[in-house]
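In what follows, a structure is listed as structure tokens, so that the remarks can point back to it.
Please treat every number below as a calculation from the coordinates, not as lab data. On a predicted model such as this, the values are computed, not experimentally measured, just so you know. Cβ placement follows ideal geometry from the backbone for every residue including glycine, while neighbour counts extend to all protein chains displayed.
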Amino acid sequence: GSIYIRFTKVVEDSRCPINTGCVWAGNGKITLEIHKPNSEKVVRTLNTTLEPQAVTHDSYEIQLKQLQPAPIAGSEIKSEEYRATLLMTKK
């Protein structure tokens, strides 16, 4: 069966800018809406560094592999510029 995933927003972006040095890599946190046809949407949160980095919905595992673009010190990332790379595996 089909499953629908919608990347809704970046909740937090404390990732280390690529043009600086950081003690901690930081974290990017996103929310997804997940649902199957004719079922209620479920909101899940995924992280780049912290847990959870993957969630299970029905028989699928959905993992956040990458959040782009990488932050640059002194430059703001607009919400529409974010791209999330997900890995979906049937369990």
Straight-line reach from LYS36: which lysines fall under 19 Å, measuring Cα to Cα and dropping same-chain residues less than 8 apart? LYS90, LYS91
Taking the range 62-91, which GluC sites (Glu not before Pro) meet the DSSP loop condition and have no more than 15 other C-beta atoms within 10 Å? GLU76
Neighbour-limited loop hits for GluC sites (Glu not before Pro), the range 1-65 (at most 13 other Cβ within 10 Å; DSSP other than H, G, I, E, B): GLU40
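Cα convex hull of the range 4-50: how many Å³ per residue?
Values: hull volume 3.0 nm³, N = 47.
Dividing the Cα hull volume of the range 4-50 by its residue count gives 64 Å³.
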Proximal lysines relative to LYS78, as straight alpha-carbon distance under 18 Å, when same-chain residues fewer than 8 apart are discounted: LYS9, LYS29
Just to check, using Stokes-Einstein with a Kirkwood Rh over alpha carbon pairs, what's the diffusion coefficient of the chain at 10 °C and 1.306 mPa s in µm²/s? 113 µm²/s
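If you take the beta carbon distance between GLN68 and SER39 as r and set R0 to 41 Å, what does 1/(1 + (r/R0)^6) give as a FRET efficiency, to the nearest 0.05?
My answer for the efficiency is 0.85.
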